[in-house]
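The block underneath contains the structure these notes are about, expressed in structure tokens.
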Amino acid sequence: MRRFSWTLTLLLSLIVLTSPALSWWDAGHMQIAYVAYKHLDAPVKEKVDALLRRNNDYAKWTAGAPDERTAKIYAFVHAATWADDIKTKEYNYTKDKVDSPTAGQNIGYADHNQHSYWHYKDANFSPDGTPLPAPAPVDLVTQLKLMIAALPAPYGASEDVRSYDLVWILHLVGDAHQPLHAVGRYTKQIQNGDEGGNAELVIPATGETINLHAYWDRMFGGYSSPYGAVFDADAKLWPVEIKHAATVRREWAAPFAVLDRLKSR
């Protein structure tokens, strides 16, 4: 049972700490990952770092780190953006579709598909009775469940698959808490859906015009280096986390009690 404990520690840290958070461009994903990282114990940090080293971007993630300890933080923090990074031309990953035969696969780094539909789970609705599409067969929830199940070593997944899954999990837990990754609006004017707010324009207090999805995405600021994300998280998120620490302990008392028993075996 001991081999399960580090996986539970990682997942509980991510889920607990993203509950009150908004994420979503690189700055948001990195800040969420950093706050979660601070709640991992030393053995778990070593295990996740060993998995992250299998990603070809590890050297890029750790560039500029002044020492090994900081490099491990940077790797974990920066890894949370990888699932978005692979959408760029630099990676040359295929822009595949949700109805592809390989849409729900979990094969590790041999998979060179972008899987953009893994980033959200839409609860579609219409205020005017516009017909809604059938639910997607593959989405954020289906893949997150699949990857969480594969992450513990005893289940037989290879180190390559587990590394790939860890990097995706770091990203998807953040995406799951972005409201516009969870809803699709269909109207007579937008019969194909608003694409999670991407087809809706808003004018915030700044006076600019921006699509609704991007407005939410930038809540934590723009793109950030790992150093910037760590600095911002310590300044902005840590005080909030301390303020709500009693609530977190109360709501997650049972899961952590189970975790403590697992660690003792």
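Would you check which residues across region 188-197 are surrounded by 14 or more Cβ atoms within 10 Å (Cβ to Cβ) and at negative phi and list them?
Selection gives ILE190, ASP194.
Scan region 201-217 residue by residue and report those that are open to solvent by less than 40 Å² (accessible area, probe 1.4 Å) and part of a loop (DSSP other than H, G, I, E, B).
Answer for region 201-217, where residues must be open to solvent by less than 40 Å² (accessible area, probe 1.4 Å) and part of a loop (DSSP other than H, G, I, E, B): just PRO204.
Answer yes or no: is there a residue in region 88-99 that is part of a helix (DSSP H, G or I), closer than 30 Å to GLY193 by Cα and not acidic (Asp, Glu).
Looking through region 88-99, none of the residues is part of a helix (DSSP H, G or I), closer than 30 Å to GLY193 by Cα and not acidic (Asp, Glu).
Condition first: outside any helix (DSSP H, G or I), touching a residue at least 40 places away in the same chain (Cβ under 8 Å) and surrounded by 12 or more Cβ atoms within 10 Å (Cβ to Cβ). Now tell me which residues in region 54-63 satisfy that.
ARG54, ASN55, listed by residue number.
Please pick out the residue among HIS119, HIS115 that is buried (at least 17 other Cβ atoms within 10 Å of the Cβ) and without any contact (Cβ under 8 Å) to a residue 40 or more places away in the chain.
HIS115
Inside region 27-44, can you point out the residues that are surrounded by fewer than 19 Cβ atoms within 10 Å (Cβ to Cβ) and part of a helix (DSSP H, G or I)?
ALA42, PRO43, VAL44
Mind checking which residues of region 123-141 are open to solvent by less than 50 Å² (accessible area, probe 1.4 Å) and part of a helix (DSSP H, G or I)?
Selection gives LEU140 alone.
Go through region 64-74 and report how many residues are among the hydroxyl-bearing types (Ser, Thr, Tyr) and assigned to a loop (DSSP other than H, G, I, E, B).
The number of residues fulfilling the criteria is 0.
Only one of these conditions is not met by ALA65: (1) modelled with pLDDT of 95 or more; (2) more than 18 Å from ASP165 (Cα to Cα). Which number is it?
(1)
Can you report the number of residues in region 86-112 which are surrounded by 17 or more Cβ atoms within 10 Å (Cβ to Cβ) and within 17 Å of ARG54 (Cβ to Cβ)?
Selection size over region 86-112: 3.
The values are calculated or read from the model by the stated rules, or taken from the named source; none is laboratory data. Only a predicted model underlies this, so the values are computations on that prediction, with no experimental measurement involved. As a convention, Cβ positions derive from the backbone with ideal geometry for all residues, glycine included, and neighbour counts pool all protein chains shown. Heads up: the accessible areas ignore ligands, DNA and RNA and are worked out on the full protein's heavy atoms, side chains in. Shrake-Rupley method; radii C 1.70, N 1.55, O 1.52, S 1.80 Å.
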